[in-house]
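Throughout, read-outs are computed from the coordinates displayed, never taken from laboratory work. Here the structure is a predicted model, which means the values were calculated and not measured. So basically every Cβ, Gly included, is an ideal-geometry build from the backbone, and we count neighbours across all protein chains shown.
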Amino acid sequence: MIAPIEATGLGKRFGRTWALDDCSIRVPAGKIAGLVGPNGAGKTTFLHLAAGLLRPTAGEITVFGRSPHGQLLLLLDRVGFVAQDTPLYSGFSVGDMLRFGRELNRRWDQADVEERLRSLDIPFDKRVGQLSGGQRSQVALTLALGKHPELLLLDEPVARLDPLARREFMRRLTEAVAEEGITVLLSSHVMADLERVCDYLIIIAAGRVQVAGEIEALLASHHLIVGPRLNANARLSGAELVKAQHTERQSSLWIRGSVPELGAGWREEPLPLEELVITYLSAPRAVTLPRPQLEEAAS
Amino acid sequence: MIWVTWRQHRLEALWALVLAALLGGSVGYVALQISFASGRCPSTVGFGYCLSSDPFGQIAQAILRFNLAQYGLVVLPALAGAFIGAPLVAREIENGTQHLAWTQGVTRMRWLLVKLALVFIPLIAAAALVGYLEVVFLNLQGPQVNRWDIFDQQAPVVAAATFFALALGVAFGAVIRRSIPAMAATLLAFVVVRVGIAELVRSHYVAPLVKTTHDLNAVGSQADPTAWWLGFPNYYDSAGHLLGNLIGPSVGQPSYVVQSFQPGDRFWAFETIESAILCTLALLILGFVVYWVTRRAT
């Protein structure tokens, strides 16, 4: 099956800095994938490469098996994109924005779009500049859904929203995804936004992919064990050490793989997703995982 | 795309329409008044004197005095480039809306070309129309009128200058990515190019003729008002020594005078050449804009 997004050795350089370096990512079909990382990690660059707004400097990226910069016209109808800060024409009325979508897309479901906006109580004659942040994001999302995309790319769509508007936005998004079976790639630097809605997670830091995988599998394969202080030369067998932290009396080990036989005084502590992500982000160079998902995909 | 372009630029269209109507109306009105008065207008007298003294004629006098059209036709192409050309792409980039526009169902190429065509063509047509009215207005003043003084205000050059200014504006906007600096750059570059062409290039389109005569009054605009007299007359004494540009009791006995000029019948050839230069520059710039927006802009 052709993956919605497949990147191999993808790199993008701006001037002298590599915003994205040797990234290999495969976004699985029909999932909501979260792209997490600190500000400046390369999330926007990756989404822009996928949307055909940028050309890669190195490597390649395909969307539904096609190149987003070379064969963009074939993809424009199938890919919806909501850029950072949900840009809209602030002088347009909401109705004008809908007409904008209708005029510029060959594939466009006016009835569906109008229905969505009515259910949000957003008046069509209101100017976009007068909408609240939440309404504005909803209009942008509705516009992107209007062409019934097969892939939806969202760049920090809720970054500027209050918690209530965030929740409402995510609810609408998951509803739409459930109805239409869209693949979504959603970026955020706030883990809590993603935890509720994503089934797949890509952690990216300093332009490189650190972790990619199903959230359930990630949670199942990562453990935090705490025990008496280890000496620095202690070896871990059967598991891979992601990060170790030592205080005077105890050691905390974040490991990937199965939990080894625990000696006396050792216990396993819960490792929630947010904690897991922070663990990786706080050790960006210490561990870069091999890419089990990619290997599976290739075989 | 057509509707979108209209929706985005309708305010600019209104402004352009109002200004073109104002300018075209004033030129047309004065032309009409002069044509009414033409029967009593001897060719040796300035046309302003022919206007009737009724209120209609006085309005025409007032318009003539302010020279509205002649300033407007020089300034407005520059303003069109700065206020309409420069924000065309820059405003999208400033507001981030290019990411919205470029991820709909049309390619950047189509987005750009439709926008350029729908904004450029009406503005250039309006400029050509007002410039043409200026030509009609000058024609009414009889064969002795000097067209060279108002070279920049007549139909082909006005239209070409508008085209050039708009292209320049779009290019600066796309590269600088911010409207106001792009507007400033457009105005500056437009003035430099136009003044540069007018002062340094224009008189060389065709090699000027040189008039050498012993009749010391037979050069300059009094001798032939339809010609473009270049520089100053050079006076020589009978031995062929240059006396200078002025004659008077202190500079010796001038015997003959030399001055180069472009004759009046070359005027339209010069208009055509200058228009062709400006259009070529505009097309080159637009080629760059298409390359930049489709390949490089982010």
* Can you give the FRET efficiency for B:Thr280 and B:Leu209, using 1/(1 + (r/R0)^6), R0 = 35 Å, r = Cβ-Cβ distance, to the nearest 0.05? -> 0.85
* Asked: Quick one: Cα centre-to-centre distance for region A:82-105 and region B:134-191, in angstrom?
  -> 34
* To the nearest whole percent, what portion of all C-alpha pairs in region B:209-265 is separated by more than 20 angstrom? -> 21
* Average beta carbon contacts from partner chains per residue of A:160-167, 10 Å cutoff -> 0
* Structure fact -> Per residue, the convex hull enclosing the alpha carbons of region A:5-206 has a volume in Å³ of 114
* Per 20 Å bin, what is the whole-percent P(r) computed from every C-alpha pair distance within the protein assembly as shown? -> 17, 35, 24, 15, 8, 2, 0
* To do: Just grab the label-to-label distance for B:Trp3 and A:Leu120, each label 7 Å out from Cα along the Cβ direction, in nm (one decimal).
  => 1.9
* Any chance you could get the radius of gyration and Dmax over the Cα atoms of chain B, in Å? => 23.7, 80
* Asked: Within chain B, which DSSP H helices have Cα atoms that stretch 24 Å or more along the helix axis and a mean Kyte-Doolittle hydropathy of at least 1.6?
  -> B:108-139, B:155-176, B:179-196, B:267-291
* **Within straight-line cross-link reach of A:Lys12, aspartates and glutamates at Cα separation under 18 Å, skipping those fewer than 8 residues along the same chain** => A:Asp21, A:Asp22, A:Glu60, A:Asp155
* In nm, spacing of pseudo-spin labels at A:Val226 and B:Trp15 (7 Å Cα→C-beta vector) -> 6.5
* Length gain on complete extension for the stretch B:Val251 to B:Ser35, per 0.36 nm per residue less the alpha carbon to alpha carbon distance? -> 73.0 nm
* Asked: So what is the relative contact order of chain A, in percent, for Cα pairs below 8 Å that sit 6 or more residues apart?
  -> 20
* Mind ordering B:222-229, A:74-81, A:105-112 by average Cβ neighbours within 10 Å, highest first? -> A:74-81, B:222-229, A:105-112
* Structure fact -> With label points set 7 Å from each Cα along the Cα-to-Cβ direction at B:Ser238 and A:Gln110, the distance between them in nm comes to 9.3
* Return the FRET efficiency for the residue pair B:Ser221, B:Val195: r is the Cβ-Cβ distance, R0 is 25 Å, and the value is rounded to the nearest 0.05. => 0.65
* Asked: Which of these, A:Ala165, A:Ala220, A:Ala176, has the largest mean-square fluctuation under a Gaussian network model of chain A (Cα springs below 10 Å)?
  -> A:Ala220
* To do: Using per-residue counts of other Cβ atoms within 10 Å, averaged over each peptide, order A:44-53, A:59-68, B:283-292 from highest down.
  => A:44-53, A:59-68, B:283-292
* Residues of type lysines that A:Lys126 reaches as a straight line, Cα spacing below 24 Å, ignoring anything fewer than 8 places off in the same chain -> A:Lys147
* Roughly how crowded by other chains is peptide A:98-111, in terms of the mean Cβ count from those chains within 10 Å of each of its Cβ atoms? -> 3
* What is the extension gain from B:Leu22 to B:Arg110, computed as 0.36 nm multiplied by their sequence separation minus the C-alpha to C-alpha distance, in nm to one decimal? -> 28.3 nm
* Which residue, B:Leu243, B:Leu112, B:Leu23, has the most motion in a Gaussian network model of chain B that connects Cα atoms within less than 10 Å? -> B:Leu243
* Ratio to report: Rg/Rh of region B:55-135, with Cα atoms as the point set and Rh obtained by the Kirkwood method; give two decimals. => 1.20
* To do: Summarise the partner chain shielding of B:91-100 as one whole number: the mean count of Cβ atoms from other chains within 10 Å of each residue's Cβ.
  => 5
* **Proximal aspartates and glutamates to A:Lys243, defined as alpha-carbon separation beneath 17 angstrom and excluding residues fewer than eight positions away on the same chain** => A:Glu268, A:Glu269, A:Glu274, A:Glu275
* Structure fact -> Checked region B:128-202 against the a/c 1.5 cut and the a/b vs b/c comparison, axes a ≥ b ≥ c from its Cα gyration tensor; verdict prolate
* Asked: With Rg and the Kirkwood Rh both taken from Cα atoms, where does Rg over Rh land for region A:162-226?
  -> 1.02
* To do: Using only alpha carbon pairs under 8 Å that are at least six residues apart, calculate the relative contact order of chain B and give it in whole percent.
  => 21
